[in-house]
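The values are calculated or read from the model by the stated rules, or taken from the named source; none is laboratory data. Remember, predicted model here, so these are calculated numbers, not experimental data. Glycine also receives a Cβ, built like all others from the backbone with ideal geometry; neighbour counts cover every protein chain displayed. Only protein heavy atoms, including side chains, enter the accessible area calculation; ligands, DNA and RNA are left aside. Shrake-Rupley method; radii C 1.70, N 1.55, O 1.52, S 1.80 Å.
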Amino acid sequence: DEVKWKSGKITFEVKTVNHRFCEVNFRLPSRYYPLEAALLEFTKNSFSRGRIDIFIRESGTRKRGKVRVDE
């Protein structure tokens, strides 16, 4: 999924594969690292098993506003 605004866009990609345990992996821009714990908790509360890969990419972003998880 993509979110666009005048200064750029953020692309979210989630891949899942059946797995016995719940394993979550992230690929995030460095400015999102402080959100990793909240994203991990949200993901593990939403899924009980599987391998879940979450990719977030930014392009064309100039503004560096505050980022938060909105469940």
Exercise for the section: Report, to the nearest whole %, how much of the accessible area of the chain belongs to carbon and sulfur atoms, 1.4 Å probe, protein only. Expected result: 49 percent
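For the stretch 1-56, what ratio Rg/Rh do Cα atoms give with a Kirkwood hydrodynamic radius?
1.03
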Practice task
Report the charge-dipole magnitude of the chain in Debye, nearest 20, computed about the Cα centre from +1 at each Lys and Arg Cβ and -1 at each Asp and Glu Cβ.
Solution key: 340 debye
Problem - Accessible area in square angstrom per residue, the chain, 1.4 angstrom probe - result: 80 Å²
Practice task
For the chain, build the charge dipole from Cβ charges (+1 Lys, Arg; -1 Asp, Glu) around the Cα centre, then report which of A37, T11, S59 sits farthest towards its positive end.
Solution key: S59
Completion exercise
With I54 itself left out, Lys, Arg at +1 and Asp, Glu at -1 over residues whose Cβ is under 9 Å from its Cβ give 0
Problem - Helix axis angle, 36-46 relative to the chain longest principal axis, alpha carbon, degrees - result: 50 degrees
